[in-house]
Amino acid sequence: MTKVNKNHKLKPLLGFGLVIDLIIIDQISKWLILEYIMRPKWDFGAEPLGLFEWFGSSERISVASTELLPFFNLTMVWNQGISFGLFQGDTPYFLIGLALAISAIFAVWLCRTKVWTQTFALALVIGGALGNVIDRFHFGAVADFFDFHINDWHYPAFNGADSFITIGIVLLLFDSVFLEPKRTQSRQ
């Protein structure tokens, strides 16, 4: 087996390993923020749920907010739609199905890619999408809490999984616009 063939098989393996790592990071960060920062503000004096107890509970913490910096708060928001509040009226099952379908398409792409940039970017998108799918199964909505603002203007709240998706899409666009033309030109 040539080095190229071994390398090609390594990319999807490492990509899917990264997907699992990102899902774990996303879920643990949500648990820590919801239970150790938001719960005490929402239910004064309540003890945080343990990680496994939290996964067994579908209780939604209501609106709570903590100012960390003059331009950044942790503010609890339950997003029942997708980014920027789109599809708010749809059932979580439609959005779960949509996210799983898109993740499946990206997973096929991940298995076929020969480029490390795409491997990393696709893993970010898939890991972020699946992290939010877990929230929809767990709570019926996605837990968003990063709240950047300037005075009274607030950027829509988001979470770690949303950041993974955004960074992944930006990397895919960067690869498509700047790196792919160079790869194509070097093959000619």
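The values are calculated or read from the model by the stated rules, or taken from the named source; none is laboratory data. Quick caveat: nothing in here was measured; it's all calculated off a predicted structure. Cβ sites come from the backbone with ideal geometry, for glycine too, and all protein chains shown count toward neighbours.
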Quiz prompt | Sole exception among (1) closer than 22 Å to Ile25 by Cβ; (2) touching a Leu at 6+ places or on another chain (Cβ under 9 Å) for Val115, by number | solution = (1)
Practice problem: Out of Thr91, Thr119, Thr184, report the one residue that is farther than 21 Å from Ile23 by Cα and either in contact with a Lys or Arg (Cβ under 9 Å, 6 or more places away or on another chain) or loosely packed, with under 12 Cβ neighbours inside 10 Å (or both). | Solution: Thr184
Exercise. Have a look at Ala107, Ala143 and point out the one that is in contact with a Phe, Trp or Tyr (Cβ under 7 Å, 6 or more places away or on another chain) and either among the acidic types (Asp, Glu) or surrounded by 14 or more Cβ atoms within 10 Å (Cβ to Cβ) (or both).
Key: Ala143
Exercise. Could you check Asp175 against (1) among the acidic types (Asp, Glu); (2) in contact (Cβ under 8 Å) with a residue 40 or more places away in the chain; (3) under 29 Å from Ile61 (Cβ atoms) and say which number it fails?
Key: (3)
Exercise. Return yes when Val125 is closer than 20 Å to Phe94 by Cβ and without any contact (Cβ under 8 Å) to a residue 60 or more places away in the chain and no when it is not.
Key: yes
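Out of Asn159, Asn79, Asn73, report the one residue that is over 17 Å from the mean Cα position of the chain (by Cα) and either surrounded by 16 or more Cβ atoms within 10 Å (Cβ to Cβ) or closer than 18 Å to Ile25 by Cα (or both).
Working: Asn159 fails: over 17 Å from the mean Cα position of the chain (by Cα); Asn79 fails: over 17 Å from the mean Cα position of the chain (by Cα).
When all the criteria are applied, what remains is Asn73.
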Practice problem: State which residue pairs qualify: first residue among the hydroxyl-bearing types (Ser, Thr, Tyr) and inside region 131-156, second residue crowded, with 19+ Cβ neighbours inside 10 Å and part of a helix (DSSP H, G or I) in any location, beta carbons under 6 Å apart, and separation of 6 or more residues or different chains. | Solution: none
Quiz item: So which residues in region 1-31 are more than 11 Å from the chain's Cα centre (by Cα), under 16 Å from Ser103 (Cα atoms) and either surrounded by 15 or more Cβ atoms within 10 Å (Cβ to Cβ) or modelled with pLDDT under 95 (or both), if there are any at all?
Solution: Pro12, Gly15, Phe16, Leu18
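Whether any residue in region 46-54 is of a type in the set (Gly, Ala, Ser) and at pLDDT below 90 is what I want to check. Lay out the reasoning, then the answer.
Here is the first cut: in region 46-54, the residues of a type in the set (Gly, Ala, Ser) are 46, 50.
Filter once more, keeping what is at pLDDT below 90: 46.
Yes, region 46-54 has at least one match.
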Quiz item: Within region 162-178, which residues are more than 16 Å from the chain's Cα centre (by Cα) and surrounded by 15 or more Cβ atoms within 10 Å (Cβ to Cβ)?
Solution: Asp175
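Name the residues in region 34-45 that are of a type in the set (A, V, I, L, M, F, W, C) and modelled with pLDDT under 90, would you? Don't jump to the end; show me each part of the working.
The first filter runs over region 34-45 and keeps only residues of a type in the set (A, V, I, L, M, F, W, C), leaving 34, 37-38, 42, 44.
Hits for region 34-45 are Trp42, Phe44.
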